[in-house]
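A.B. asks: Below: one structure in structure tokens.
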Amino acid sequence: MIQNIVFDMGQVLIYFTPVEFIRRLGIEGEDAKLLLKEVFARVEWVQFDRGTLSEEETAEAVCKRLPERLHEAAWELVCHWWQRPLIPVKGMAELMEELKGMGYRLYLLSNANRRLREYLPRIPGSQYLDGLVVSAEEKLLKPQAEIYQVLYDRYDLKPEECYFIDDSPLNVEGALCTGMRGSVFDGDVERLRRELGAAGVPVKQ
């Protein structure tokens with residue numbers, strides 16, 4: 001029987017939208033495309049989330065590939081994106097409140113840098129969380145089996161009593177391989193409610 005619901009963060013609780021972050025800096029055209037590629041689509045961003053590169057190391061590595069005119073923007077994107085408005089995924093905070101009211105324990109398992117704990121209180125629904133595992137703090141990333149095991153061990157959870165919600169099929173498959181059920185979230189909260197219901201979680205349909 002499911003007793004614990006485990007959430008991803010980006011594209012599940014809030015929208016992580018690099019294109020929008022760049023647009024807010026007033027950068028468009030080819031420069032915007034270059035920032036998108038060199039900041040968010042290179043190995044340093046993955047290392048940043050794993051916790052093996054600091055903010056400064058990530059920004060410095062990115063700037064080596066960018067023209068000087070974009071250095072300030074690159075530092076802003078790496079070090080301060082989270083200080084700008086966070087856009088919640090509609091309906092998720094209400095779902096978390098409902099689940100909490102029914103007695104389910106809620107957890108966050110996110111590939112994210114060490115700043116997550118600083119901006120977590122600004123995410124609607126975060127007040128209902130019973131615990132969290134942040135990739136950068138563990139130097140592990142989903143879908144590695146070890147990071148799911150950290151969650152189970154830290155909070156004394158049984159995989160078969162957990163249900164995982166993530167926007168990445170790879171991450172959900174990783175959870176399934178450790179014995180936790182789950183579903184891929186595509187932004188459709190009503191569909192997610194139906195999937196939870198099918199798993200035996202009696203949320204409103």
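This table checks each residue for (1) of a type in the set (S, T, N, Q); (2) in the same structural domain as Gln11 (by TED's automatic domain parsing); (3) not in a helix (DSSP H, G or I).
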position: Leu95; (1), (2), (3): no, yes, no
position: Leu99; (1), (2), (3): no, yes, no
position: Gln127; (1), (2), (3): yes, yes, no
position: Leu132; (1), (2), (3): no, yes, yes
position: Ala136; (1), (2), (3): no, yes, no
position: Lys142; (1), (2), (3): no, yes, yes
position: Tyr148; (1), (2), (3): no, yes, no
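A.B. asks: Scan (1) closer than 24 Å to Leu157 by Cα; (2) touching a helix residue (DSSP H, G or I) at 6+ places or on another chain (Cβ under 6 Å); (3) of a type outside the set (Val, Ile, Thr) for the single condition Glu44 breaks and write down its number.
C.D. replies: For Glu44, the exception is condition (1).
A.B. asks: Restricted to region 140-188, and to residues that are under 15 Å from the mean Cα position of the chain (by Cα) and of a type in the set (D, E, K, R), which residue is nearest to Leu53 (Cα to Cα)?
C.D. replies: Lys142
A.B. asks: Shifting gears a bit: Quick one: in region 1-24, of everything that is surrounded by 18 or more Cβ atoms within 10 Å (Cβ to Cβ) and not β-branched (Val, Ile, Thr), which residue is farthest from Arg181 (Cα to Cα)? Let's see the steps before the verdict.
C.D. replies: Pass one, region 1-24, residues surrounded by 18 or more Cβ atoms within 10 Å (Cβ to Cβ): 4-9, 12-14, 16, 21-22.
In the following step, the residues that additionally are not β-branched (Val, Ile, Thr) were identified as 4, 7-9, 13, 16, 21.
Numbers: Asn4: 11, Phe7: 12, Asp8: 14, Met9: 18, Leu13: 19, Phe16: 24, Phe21: 33 Å.
Within region 1-24, the match that is farthest from Arg181 (Cα to Cα) is Phe21.
A.B. asks: Got a sec? Which of Leu66, Leu53 is in a loop (DSSP other than H, G, I, E, B) and under 24 Å from Pro143 (Cα atoms)?
C.D. replies: Working: Leu66 fails: under 24 Å from Pro143 (Cα atoms).
Answer to the check: Leu53.
A.B. asks: Given the options Trp82, Trp75, name the one that is at pLDDT below 95 and touching a helix residue (DSSP H, G or I) at 6+ places or on another chain (Cβ under 6 Å). If you could, list the steps in order and put the result at the bottom.
C.D. replies: Working: Trp75 fails: at pLDDT below 95.
The conditions single out Trp82.
The values are calculated or read from the model by the stated rules, or taken from the named source; none is laboratory data. All values derive from a computational prediction rather than experimental measurement. Every residue, glycine as well, gets a Cβ built from its backbone with ideal geometry; the counts of neighbours run over all protein chains shown.
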